[in-house]
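What follows is one structure encoded as C-alpha cells, with my remarks underneath.
The values are calculated or read from the model by the stated rules, or taken from the named source; none is laboratory data. Values in this document were obtained by computation on a predicted structure and should not be read as measured data. Here the Cβ positions follow ideal geometry from the backbone for every residue, glycine too, while neighbour counts run over all protein chains shown.
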Amino acid sequence: MQLDDLNKRLNEFERDLTARSTIDALKRDALSVSRQIDSIRCAEATASLGELLRR
C-alpha cells in the first residue's frame, strides 16, 4: 500500500513538474513577444519623432 501511494505521489509530482516547465516556457515566449512589440513601437516612435524634427 505504501509503495502504491509513493508511486501515485511521484506521478503527481512528474505531472506538476511538466506543467510548470510548460508554463515557464510560455512565460519566456510571452516576454520575448512583448520585447519585440516594444522594439517595434520604439522604432516607430523614433521614426515619427525624426519626421517631426525635420519639419
*asked:* Every residue in region 1-19 that is among the polar types (S, T, N, Q) and over 24 Å from the mean Cα position of the chain (by Cα), please.
replied: Gln2, Asn7, Asn11
*So is Arg41 at pLDDT 95 or above, surrounded by 10 or more Cβ atoms within 10 Å (Cβ to Cβ) and of a type in the set (Lys, Arg) or not?*
yes
*Go through Glu12, Glu51 for me and flag whichever is surrounded by 10 or more Cβ atoms within 10 Å (Cβ to Cβ) and either free of Cβ contacts under 8 Å to residues at least 60 places away in the same chain or assigned to a helix (DSSP H, G or I) (or both).*
Glu12
